[in-house]
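The values are calculated or read from the model by the stated rules, or taken from the named source; none is laboratory data. None of these values were measured; they are calculated from a predicted model. Neighbour counts run over all protein chains shown; Cβ positions are idealised from the backbone, glycine included. The area values use the complete protein model at the heavy-atom level, side chains included, leaving out ligands, DNA and RNA. Shrake-Rupley method; radii C 1.70, N 1.55, O 1.52, S 1.80 Å.
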Amino acid sequence: MDGGSEPLSVSRPPGGRVGFTLLEVLVVFSLLSALSGLIWIVAGPPRFAGAGRERAREAALRGAQWLQGRLLQAREEGRNFRFRVSLADRLPYLEIRWEDTGLWERYDSGENAWFRGEGPARWAFYSTKWHTLSPGMVLHVFSDRESSPAAVAFIVISPACRVSVIREGP
């Protein structure tokens with residue numbers, strides 16, 4: 001060759017083998033599996049964008065059914081209660097306080113849905129005499145505590161004690 005350069009030569013490792021042994025590959029796969037398992041345990045299973053919205057809608061439906069059940073129970077038992085909502089913060093639960101016992105009862109969404117009220121008051125009072133919930137209100141349902149700007153569903157509670165879940169804003 002001209003210029004004084006020598007050709008490159010590839011040397012083989014001792015024993016003449018090239019690549020990895022099966023044992024080395026299995027060790028690497030084992031380490032990667034253990035690492036991904038730890039990440040799964042710490043961070044939880046992967047969540048897909050649409051899955052969070054659907055879980056929130058399902059939790060909203062269960063919350064509406066829970067509230068409708070409390071309204072029917074109050075009517076049948078002749079008991080009044082107060083329904084409390086947050087107008088500022090998103091909370092992962094709905095709760096009522098029975099007037100006769102002062103005990104609280106709560107529907108917890110398991111952080112699948114976050115509720116925030118809209119309306120003139122943070123309390124609504126159920127009256128057995130008139131079978132009304134006053135004032136009526138709308139609950140915005142979000143898929144997470146802070147980052148989602150728009151509600152994924154709405155729970156509409158009429159003064160006539162009708163509870164419904166809708167996807168678009170009222």
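Could you list all residues from segment 141-161 that are of a type in the set (D, E, K, R) and out of contact with any Gly (no Cβ under 9 Å at 6 or more places or on another chain)? Within segment 141-161, Arg145, Glu146 qualify.
The single condition among (1) within 19 Å of Gln65 (Cα to Cα); (2) in contact with a Lys or Arg (Cβ under 8 Å, 6 or more places away or on another chain); (3) open to solvent by less than 40 Å² (accessible area, probe 1.4 Å) that Ile155 does not meet is (2). For Ala113, the conditions (1) without any contact (Cβ under 8 Å) to a residue 24 or more places away in the chain; (2) more than 21 Å from Ala160 (Cα to Cα) are fulfilled apart from (1). Residues in segment 85-101 that are open to solvent by 30 Å² or more (accessible area, probe 1.4 Å) and either farther than 25 Å from Pro149 by Cβ or free of Cβ contacts under 8 Å to residues at least 24 places away in the same chain (or both): Tyr93, Arg97, Glu99, Asp100, Thr101.
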